[in-house]
Amino acid sequence: MTPIESARWRERIAAHLRITQELDRALVRAHGISLSEFLALCALDRAGTRLRAKDLADAVGLSPSAVSRLLVRLERHGLLVRRRGTGDRRARCLTVTESGSRTARAATSTFDAYLGLVPAAQG
């Protein structure tokens with residue numbers, strides 16, 4: 001990789017981090033959920049069936065411990081429920097509540113609107 005290519009990658013990654021942080025703040029301000037929580041709700045809502053925490057971690061690219069903390073927050077706010085799995089009694093299946101689905105839909109509007117502004121802002 002040339003120094004110019006390396007510099008371009010650093011610029012892209014820095015821009016990605018800025019956009020991610022700004023989007024996170026916008027979602028918290030408008031809907032009370034972080035970007036990670038939004039992505040988790042969308043993944044669960046899209047699945048339409050119960051998912052396990054490990055499946056969710058894989059779907060959103062978070063570590064199992066990060067997903068565990070995230071699930072506590074979402075459950076505390078009534079956005080998802082955890083139930084025992086039918087086959088493996090140790091497993092917990094995750095299901096989005098109606099409130100969680102509404103929050104995901106509303107936050108999707110904020111997400112889409114914000115990202116629609118990014119190309120203009122990036123020049």
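Counting pairs of alpha carbon atoms under 8 Å apart in space and at least six apart in sequence, what relative contact order in percent does the stretch 3-122 give?
25 percent
Let's see if you can work this out: charge +1 on each Lys and Arg Cβ, -1 on each Asp and Glu Cβ, no other charges. What is the dipole magnitude of the chain about its Cα centre, in debye to the nearest 20?
So the dipole magnitude of the chain works out to roughly 600 debye.
When the gyration tensor of the chain is built from Cα positions, what are the square roots of 5 times its three eigenvalues, in whole Å, from largest to smallest?
Here the semi-axes work out to 31, 19, 11 Å.
Where in the chain are the helices, taken as whole DSSP H runs, whose Cα atoms extend 27 angstrom or more along the long axis and whose Kyte-Doolittle mean reaches at least -1.0?
Span-like helices here: 3-31, 98-122.
Rank these for me by crowding, H77, H16, going from fewest to most other beta carbons within 10 Å.
Listed from fewest to most nearby Cβ atoms, that is H16, H77.
Work through the residues other than S101 whose Cβ is under 13 Å from its Cβ and net out their charges, Lys, Arg +1 and Asp, Glu -1.
Summing Lys/Arg as +1 and Asp/Glu as -1 gives +1.
Looking at the chain as a GNM with Cα springs under 10 Å, which of E11, E37, E98 has the largest mean-square fluctuation?
Of E11, E37, E98, the most mobile in the Gaussian network model is E11.
Throughout, read-outs are computed from the coordinates displayed, never taken from laboratory work. Please read all numbers here as calculations on a predicted model, not as lab measurements. Because the Cβ atoms are built from the backbone with ideal geometry, glycine has one as well, and the counts that use them run over all protein chains shown.
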